[in-house]
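Each reported figure results from applying straightforward, stated rules to the coordinates on display, with no laboratory input. It should be emphasised that the depicted structure is a prediction, and the values quoted were computed from it without experimental measurement. Here the Cβ is made from the backbone with ideal geometry for all residues, glycine too, and neighbour counts use every protein chain on show.
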Amino acid sequence: MEITIPKKFKISPKLGVIIFIVIVAGLSFWGGRWYQKDHPAISTSTLPQSATPTSGFSGMGRRRFGGRRGIIGTVTAISPTSISVQSSATGTVTTLSIATSTQITNNGQTAATTDIQVGSKVAVVPDTTTTSQAARILINPTFGAGAPAPNSPPAY
């Protein structure tokens, strides 16, 4: 019995692509692990108070408006300079100031504080620099394909 060794070893193009992808993925993983060795993970305890997710307001869970956490709930008090909202998610009442720069809309139309009533459903987005100030107030907000805000009464 005689053993013959082929002179050329051919790799199919598909196998070559798979091998290339595996090598690139492996090198990327190794590079990421090597980079993380010298860069510790960030925890919320090392972040400044202004960067923590619940500083100055609470209640919205994972919903976001423009990268800022907001409050979705029912108005418990309203004045020309402040709004108090009971969160639908937590039941916590949060009061935010209303500035002249606060944008107020009702179903996409510009509105005023006089259009907000106690008991109205709202979504309030805090200001990026002063989280105790409202940047936007949406009266009767809808989310995705006209769905009503959480815990709102059914529309008949």
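Structure notes:
- Close amide-amide hydrogen proximity is noted between Ser120 and Val75, each under 5 Å apart and 5 or more residues distant or on a separate chain (H modeled in the peptide plane; Pro and chain starts excluded).
- Per-residue packing, averaged as other Cβ atoms within 10 Å, sorts the ranges 99-108, 20-29, 118-127, 81-90 into the order 118-127, 81-90, 99-108, 20-29, beginning with the highest.
- Per-residue extension of 0.36 nm, minus the Cα-Cα distance of Trp30 and Thr100, leaves a gain of 20.0 nm for this segment.
- Label positions at Ile23 and Asn140, each projected 7 Å from the Cα along the C-beta direction, are separated by 6.3 nm.
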